[in-house]
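Remarks on the structure that follows.
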Amino acid sequence: MREYLLTLCVTAAVTYLLTGPVRKFAIVAGAMPEIRARDVHREPTPRLGGIAMFFGLCAGLLVADHLANLNQVFEKSNEPRALLSGAALIWLIGVLDDKFEIDALIKLGAQMIAAGVMVMQGLTILWLPIPGVGTVALTQWQGTLLTVALVVITINAVNFVDGLDGLAAGMVCIASAAFFMYAYRIWYSYGIEAAAPATLFAAVLMGMCVGFLPHNMHPARIFMGDSGSMLIGLVLAAGAISVTGQVDPDVMKLFSGSERNAVHQMVPVYIPLLMPLTIIAIPAADLILAIVRRTWRGQSPFAADRGHLHHRLLEIGHSHSRAVLIMYFWSALIAFGALAYSVNSASMWIVLGVVGLSAVGLVLLLLPRFTPRAPRWAEAFVPPRYRRRRAAPAPGAEGAGSAEDAASAEAADDEPRAPVPVGVSGGPGVPGVNGATALGARSRVPRG
């Protein structure tokens, strides 16, 4: 565990320290496009955050290769090298897309090629545990097609959800944390060495997200771009493929009887691994809904719009930060709920806990539909949106409206503002946003 934590910390530190210089490079390189109609941020923000995340990945794998126990992962398996090869290819395509806006079909082809590169080096699904049937061995073509499909779905699911500050990095970090606990349990509790690469991938992925999040939280100073979203999607898929298609279910047989009965009894354990839709359930649902919505309208499935789940949360009335936290909540509930169920599927408390937390999540979703007002004595302890409106102060009364003005100014931070294009002045006293001013403090609304 100490070596995994060391790898995680090194990956996070390298990613965090490189993100600042990468931001300056992105501004100089012009990877800071104009705000589009579907964007929710207010100022042009540089991309290319995936550069720092990729070098964090390389640093984490390099450190793990020189550690006493994790070095065996590189000696006994070619999966880390396969991951690095596929990640380098998808990262390069993402960097080019962040700068030059590559066509969607070209990116799709690159995703399939990156998955094929990993398959050629041994990172592929060899068999599947089917409930009621047992372990089903796959042919080479079946394993290749299933691996490529899983990689492409995961990459695009993560890419689709990358629409708010800190959303994609936070959700993938939550998913990778749950996945790390599961893979580590298989490796440590059952002594299955084949689960070690997946555990390493999850630790490195957590470090990439943790190191990038401080720069990407609202208001974000840099975006990960496609170079980052496709990269973390590929790493997440690689871990799921490794532990799903490489770990033999017969080795983990805990029940007496045939292998068919053992696999059938352990269905709750293998559901989170068979298809990792539990750890990317929210992004996958967003992906499916986007494809259905755009196809129904006669548009291309790759056409961008403002109909994603996070856009709908903003339309309901949630603030930017609260929409992100709600998405975090549901991702954690699904990922860790599946993890707890895989450990002890017979516990009714787990089911009741998931149901209760789901009810809490629904209440949080519907909060903007209600406008509760706190009593006078509690107004000092609640956000301004829950305070009662007060009459405007009489003209000439000095200082009478200072508290109300402060409250209204604080509440105005949650209101959407018109985007400021690059190089255009925001009015008297508001400097234009350009490559120079974007390096310093962010522009503010001028005070009276």
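List of remarks:
- Checking Val158, Val152, Val148 one by one, the residue that is closer than 29 Å to Ile326 by Cα, surrounded by fewer than 24 Cβ atoms within 10 Å (Cβ to Cβ) and either touching a His at 6+ places or on another chain (Cβ under 8 Å) or of a type in the set (A, V, I, L, M) (or both) is Val152 and no other.
- Any chance Met118 is open to solvent by less than 30 Å² (accessible area, probe 1.4 Å) and assigned to a helix (DSSP H, G or I): yes
- Where helices (runs of 4 or more DSSP H) fall wholly inside region 293-371, the ranges with 2 or more residues that are closer than 23 Å to Pro219 by Cβ and modelled with pLDDT of 75 or more are 320-343.
- In the set Lys76, Lys24, only one residue is among the basic types (Lys, Arg) and at pLDDT 90 or above; that residue is Lys24.
- For region 103-118, the count of residues that are modelled with pLDDT under 90, closer than 28 Å to Ala52 by Cβ and under 22 Å from the mean Cα position of the chain (by Cα) is at least one.
- Residue in region 59-66 that is farther than 25 Å from Ile90 by Cβ and either modelled with pLDDT of 90 or more or under 24 Å from the mean Cα position of the chain (by Cα) (or both) present: yes
- Counting residues in region 241-258 that are at pLDDT 90 or above and open to solvent by less than 20 Å² (accessible area, probe 1.4 Å) gives zero.
The values are calculated or read from the model by the stated rules, or taken from the named source; none is laboratory data. What you see is a predicted model, and the numbers here were worked out from it, not measured in a lab. In this analysis, Cβ positions are derived from the backbone assuming ideal geometry, glycine residues included, and neighbour counts consider all displayed protein chains. To get the accessible areas, we keep the full protein, side chains included, count just its heavy atoms, and leave off ligands, DNA and RNA. Shrake-Rupley method; radii C 1.70, N 1.55, O 1.52, S 1.80 Å.
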